[in-house]
Amino acid sequence: MSAETALAQLLRMIHRRAFNLAAMPDDERDPHYDTIRRSCCGAAEHIGQSPDNAALTANSMVEFTRAMVGIIEANRGGHDSRQPHR
């Protein structure tokens with residue numbers, strides 16, 4: 001799989017998951033973020049990143065997903081946009 005294909009698949013997955021996560025209570029989200037982290041790490045390793053770099057990439061993708069969830073919540077009015085989303 002090419003890096004371009006892997007990235008496109010990851011972005012589609014994260015987009016879909018962000019909307020699903022935004023619909024969940026905050027206290028139910030962490031296991032889903034862990035799943036995203038594992039998926040991203042595996043994909044990054046599959047396309048040739050070292051395990052260390054893949055872990056950094058995966059953590060960045062989880063933070064990106066958290067940011068997307070915050071944007072979705074702010075748009076829906078379901079989260080105080082002045083507070084950082086965690």
Tally of residues being within 19 Å of residue 42 (Cβ to Cβ), of a type outside the set (Ser, Thr, Tyr) and not in a helix (DSSP H, G or I) across the stretch 1-25: 1
Answer residue from the stretch 6-40, given it is of a type in the set (Gly, Ala, Ser) and under 11 Å from the mean Cα position of the chain (by Cα) and is most open to solvent (accessible area, probe 1.4 Å) among those: 39
Answer from 81, 60 - the residue that is open to solvent by 30 Å² or more (accessible area, probe 1.4 Å), closer than 22 Å to residue 28 by Cα and modelled with pLDDT of 90 or more: 60
Odd one out for residue 15, checked against (1) within 18 Å of residue 74 (Cα to Cα); (2) modelled with pLDDT of 95 or more: (2)
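The values are calculated or read from the model by the stated rules, or taken from the named source; none is laboratory data. Small disclaimer: the values here were computed from a predicted structure and weren't measured. Glycine gets a Cβ as well: all are built from the backbone with ideal geometry, and neighbour counts include every protein chain shown. What goes into the accessible areas is simple: the full protein's heavy atoms, side chains included, and nothing from ligands, DNA or RNA. Shrake-Rupley method; radii C 1.70, N 1.55, O 1.52, S 1.80 Å.
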